[in-house]
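For reference, the structure is listed below as C-alpha cells.
The values are calculated or read from the model by the stated rules, or taken from the named source; none is laboratory data. Source: prediction; values computed, not measured. No Cβ is skipped: glycine too gets one built from the backbone with ideal geometry, and neighbour counts run over all protein chains shown.
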Amino acid sequence: MAKIEQFQYDNVIVRNFAVATVVWGIVGMLVGLLAAFQLIIPDLNLGLAPTTFGRIRPLHTNAAIFAFVGNGIYMGVYYSLQRLLKAPMYSKTLSNIHFWGWQAIIVAAAITLPLGITSAKEYAELEWPIDIAIALVWIVFGINMFGTILKRREQHLYVAIWFYIATWITVTVLHIGNNLELPVSLTKSYPLFAGVQDALVQWWYGHNAVAFFLTTPYLGLMYYYLPKAANRPVFSYKLSIIHFWALIFIYIWAGPHHLLYTSLPDWAQSLGTVFSIMLIAPSWGGMLNGLLTLRGAWDRVRQDPILKFMVVAVTAYGMATFEGPMLSLKSVNAISHFTDWTIGHVHIGTLGWNGMLTFGILYWLIPKIFNTKLYSIKLANAHFWIGTIGILFYAVPLYWAGWTQSLMWKEFTAEGFLKYGNFLETVTQILPMYAMRALGGTLYFSGLFVMVYNLMKTAKSGKLVRYENAEAPARETYVAHKGEHWHRWIERRPIQMLIGSAIVILIGGLVEIFPMLLVDENVPKIASVQPYTPLELEGRDIYIREGCLGCHSQMVRPFRSETERYGEYSKSGEFIYDRPFLWGSKRTGPDLHRLGGKYPDSWHYNHMLEPQSTSAGSIMPPYPWLFKRDLNTKYTAAKIKTLQALGTPYPDGYAEEAVNDLQDQAAEVAARLRKDGIDQEKLEHKEIVALIAYLQRLGTDIKPKPQAIN
C-alpha cells in the first residue's frame with residue numbers, strides 16, 4: 001500500500017487572482033461602456049487624446065481579454081490544478097511572481113495604450129518591452145504548472161489539464177510568432193512581416209488568441225467546475241478525448257477566415273473556410289459534453305444560480321462556435337465582414353461564454369476557500385438575470401445593425417447608382433441600435449456590483465483557509481498494462497502531452513504561413529509601389545497612434561458596391577511596405593484605401609479639427625492636439641534604418657537625409673493649406689501636416705480612377 005502523504009493547498013494565490021479578476025473586470029467593462037456611449041454621444045471623448053475612442057478601444061479589449069479573462073483563467077487553474085494533481089503548486093515564489101508580474105503588465109497596458117503607444121495589431125497592441133514581459137511571466141506560469149504536474153500524487157491527468165497544457169504551448173507559439181519585431185525605440189517597433197504576410201500572421205494569432213486564450217483554458221475550467229457544481233461525472237470521457245484533439249488541430253487553421261475577399265491569396269482563404277466549417281464538430285462536441293453532464297439534474301439547474309450561469313455560458317459557447325463557422329462561409333462573410341454583426345458575435349463569446357462561466361466559478365469558489373456558504377442565493381439569481389438580459393440587449397441590436405449596414409452599403413437604385421452614396425447615412429441609421437447596445441452593456445456592468453456585494457458579504461461571513469490541509473497516497477511508478485486504452489499512455493505522461501499538442505498545433509500554422517513567407521509569387525510586386533516618404537511614414541505612425549484603424553478599413557474588396565463607392569479593389573502588391581498592415585476589421589467610417597487625392601488638403605485639415613464641419617452628423621471625435629503638437633522627428637532616421645534592415649529599399653545613407661526631405665514635403669503641404677485659406681503659425685511643424693501627407697498617399701501608387709468618398 002502506498003504511503004499516505006500530507007500537504008496543503010495554496011488558497012492565497014487563488015484568492016489573489018479572484019480579486020484581480022473582479023477588479024479588472026470592472027475596469028475593463030467600464031472602459032468598454034465608455035467606448036459604447038462615445039458612439040452615440042461623441043462629446044464623451046472629452047476632447048482629450050487618451051480618452052478618444054481610437055485609444056480606449058484597444059484598452060478595453062486588452063483589459064477584457066488579458067486582465068479579466070486572464071486572471072479568471074489563473075484563478076481557476078490554480079485552484080483546480082492542485083486538487084486534480086493532489087499536490088500544492090510547485091513554488092509559492094513563482095506563484096507570486098506570476099501574480100504580481102501579470103498585474104504589472106496590465107498596469108503597463110493601461111498606461112501605454114491611452115498614450116497611443118501601440119503596435120496596432122488586434123489583441124496584440126502592446127509594444128515590444130511589454131511583449132517580452134508577457135513572455136517571461138508566461139514562462140514562469142508554465143514552469144509552475146509543469147513543476148506541479150511532475151510532482152503530482154495523482155497518476156492520471158484529467159481532461160481539464162490537457163486543455164491547460166495545450167493552452168500554454170499554443171499561446172507561447174502564437175505570442176512569439178506574432179511579435180517578431182525590430183525595435184526603433186523603447187516605445188516603437190516595426191514587425192518583421194509586411195502587408196499580406198503580416199495580415200496572415202496577425203490573424204493566425206488573432207483568431208487563435210480567441211481559440212487558445214478565450215476558449216481552450218475555459219473548456220478546461222468547464223470540465224472541472226461544471227461537474228463539481230453539479231456533483232455529477234462528465235457525460236462522456238471518450239467524447240472529451242475526441243473533443244480535445246480535434247479542437248486543437250482544427251482551430252489553428254481557421255485564422256484566414258478573417259481575411260476573406262481581401263488581397264490574401266485564394267488558396268489561404270479557402271483553407272481557412274474549410275477548417276472553420278469543420279470546427280463546428282469538435283466545438284459542439286465540447287458543448288454537448290458539458291450540457292449532457294447535467295442530464296437528470298435540471299431541477300437543480302432551475303434552483304441553483306451557479307449552474308444557471310454555467311448553462312448560459314456553455315450555451316453561449318455553442319452559439320458562438322456555430323456562428324463563427326457560418327461567418328466563415330464566403331457568402332455570409334460578404335454580408336457580415338466590417339459590420340457590427342461581428343462585434344455582436346464576439347461579445348456573445350466574451351460576455352456569455354467567458355463572463356458567465358467566470359461568474360459561476362466565482363460564486364462556487366469563494367465560499368469554498370472561505371469555508372462558508374454563499375451570502376445570498378437571491379442576489380446571485382438577480383445577477384444572473386441582469387447579466388443574461390444585458391447580453392441580449394447588447395448582441396441583438398448589433399446583429400440588427402450589421403444587417404442594416406451591409407444592406408445599405410450594397411443597395412443600388414434602379415438607375416444603377418449607389419442608393420446610399422454618402423457613407424454617413426449608413427452610420428446615422430444605426431445609432432438607435434448603438435444606444436440599445438449601450439443599455440445592454442450598462443445592465444451587464446451593473447450586475448458586477450451585485451456580485452461584488454454578494455461575494456464580499458460571503459467572504460466576511462467566513463475566513464480564508466489560506467493553506468488547506470489535504471492528504472493522498474504517494475504516486476506509484478506507472479506501468480502500462482496489456483489491453484489498456486491507447487490514450488492512457490499519453491494521459492499519464494505530461495511531456496508527451498506537451499509535445500503531442502505542440503506537433504498538432506504547428507501543422508496548420510506551418511502549412512498556411514510558410515508558403516506566404518517563402519514563395520514570392522504569393523505576393524506579386526507592383527513596380528509603381530514605392531516606400532513611404534519620411535513625412536508620410538510619420539503620418540502613418542500618427543494614424544496608428546490615434547487608433548484610426550479601429551473605425552476605418554484600408555481594404556477595398558472586389559464587390560461592385562465597394563468599387564463604385566471607393567474605387568479600384570486592393571491588390572496584395574500595394575501593401576509590401578506596410579509595417580504593420582492596417583486593413584482593419586470594422587467600418588464605423590468609410591474605407592480609406594483609395595482616399596489619396598480625393599479631397600484637398602484643407603478638407604482633411606478641417607475634418608480632423610471639427611469632423612461635423614465637413615460631415616454633418618459625424619460621430620468621429622475631433623483631434624485638436626494634432627494642430628498644437630510639433631511633429632517629433634527625433635526617431636525619423638532610426639525608423640528609416642530599421643525599415644532598411646527589414647528590407648524596405650530606401651537608398652543607402654538615406655536616413656541622414658530623411659529629416660530634410662520630411663521638412664521639404666511638410667513645407668509643400670503647409671503651402672497648399674495656406675493657399676486654401678488655412679492661417680496657422682508654424683503650420684509646417686505640426687503633426688496634422690504629417691497625417692495629411694499620409695492620407696493623401698493612400699492608394700495612389702497604382703493611380704486608380706478618382707472617386708469621391710462621402
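Are there helices (runs of 4 or more DSSP H) fully within segment 481-591 with at least 2 residues that are at pLDDT 95 or above and touching a His at 6+ places or on another chain (Cβ under 8 Å)? List them. Before you say what the answer is, go through the steps one by one.
Details: elements: 486-491, 494-518, 534-545, 560-565.
Fully inside segment 481-591 and qualifying: nothing.
On the basis of being surrounded by fewer than 20 Cβ atoms within 10 Å (Cβ to Cβ) and within 25 Å of the chain's Cα centre (by Cα), does Lys571 make the cut? Against the criterion (surrounded by fewer than 20 Cβ atoms within 10 Å (Cβ to Cβ) and within 25 Å of the chain's Cα centre (by Cα)), Lys571 does not qualify. Screening Leu46 against (1) within 26 Å of Leu365 (Cβ to Cβ); (2) more than 24 Å from the chain's Cα centre (by Cα) leaves a single unmet condition, (1). Of the residues in segment 171-188, at least one is within 19 Å of Gly72 (Cα to Cα), of a type outside the set (Ser, Thr, Tyr) and in contact (Cβ under 8 Å) with a residue 24 or more places away in the chain. Return yes when Thr358 is farther than 24 Å from Arg57 by Cα and crowded, with 20+ Cβ neighbours inside 10 Å and no when it is not. So Thr358 fails the test.
Just to be sure before I move on: is Thr563 in contact (Cβ under 8 Å) with a residue 60 or more places away in the chain and polar (S, T, N, Q) in the structure I sent? I'd like the intermediate steps shown before the answer.
Values: in contact (Cβ under 8 Å) with a residue 60 or more places away in the chain: no; polar (S, T, N, Q): yes.
No.
Looking only at segment 90-102, decide whether some residue is under 18 Å from the mean Cα position of the chain (by Cα), under 23 Å from Trp204 (Cα atoms) and buried (at least 20 other Cβ atoms within 10 Å of the Cβ). Taking every residue of segment 90-102 in turn, none turns out to be under 18 Å from the mean Cα position of the chain (by Cα), under 23 Å from Trp204 (Cα atoms) and buried (at least 20 other Cβ atoms within 10 Å of the Cβ).
Pairing residues of segment 417-445 that are free of Cβ contacts under 8 Å to residues at least 24 places away in the same chain with residues that are assigned to a loop (DSSP other than H, G, I, E, B) and not aliphatic (A, V, I, L, M), at Cβ distances under 6 Å and at least 6 apart in sequence or on separate chains, gives Lys419/Glu411; Lys419/Thr413; Thr426/Tyr420. For segment 318-367, filtering for residues that are free of Cβ contacts under 8 Å to residues at least 12 places away in the same chain and hydroxyl-bearing (Ser, Thr, Tyr) leaves 1.
Looking for something of a type in the set (D, E, K, R), assigned to a helix (DSSP H, G or I) and exposed (fewer than 15 other Cβ atoms within 10 Å of the Cβ) - is there at least one such residue anywhere in segment 409-426? Among the residues of segment 409-426, at least one is of a type in the set (D, E, K, R), assigned to a helix (DSSP H, G or I) and exposed (fewer than 15 other Cβ atoms within 10 Å of the Cβ), which makes the answer yes.
Is it true that some residue in segment 3-25 is over 30 Å from Ala472 (Cβ atoms) and not aliphatic (A, V, I, L, M)?
Within segment 3-25, the subset over 30 Å from Ala472 (Cβ atoms) is 22-25.
Still in the running and not aliphatic (A, V, I, L, M): 24-25.
Yes, because at least one residue in segment 3-25 is over 30 Å from Ala472 (Cβ atoms) and not aliphatic (A, V, I, L, M).
Just one of the listed residues (Ala297, Ala246) is in contact with a Lys or Arg (Cβ under 7 Å, 6 or more places away or on another chain), of a type in the set (A, V, I, L, M, F, W, C) and surrounded by fewer than 24 Cβ atoms within 10 Å (Cβ to Cβ), namely Ala297.
Check whether at least one residue in segment 660-681 is in the same structural domain as Gln554 (by TED's automatic domain parsing), exposed (fewer than 14 other Cβ atoms within 10 Å of the Cβ) and in contact with a strand residue (DSSP E or B) (Cβ under 9 Å, 6 or more places away or on another chain), and report yes or no. Checking segment 660-681: not a single residue is in the same structural domain as Gln554 (by TED's automatic domain parsing), exposed (fewer than 14 other Cβ atoms within 10 Å of the Cβ) and in contact with a strand residue (DSSP E or B) (Cβ under 9 Å, 6 or more places away or on another chain).
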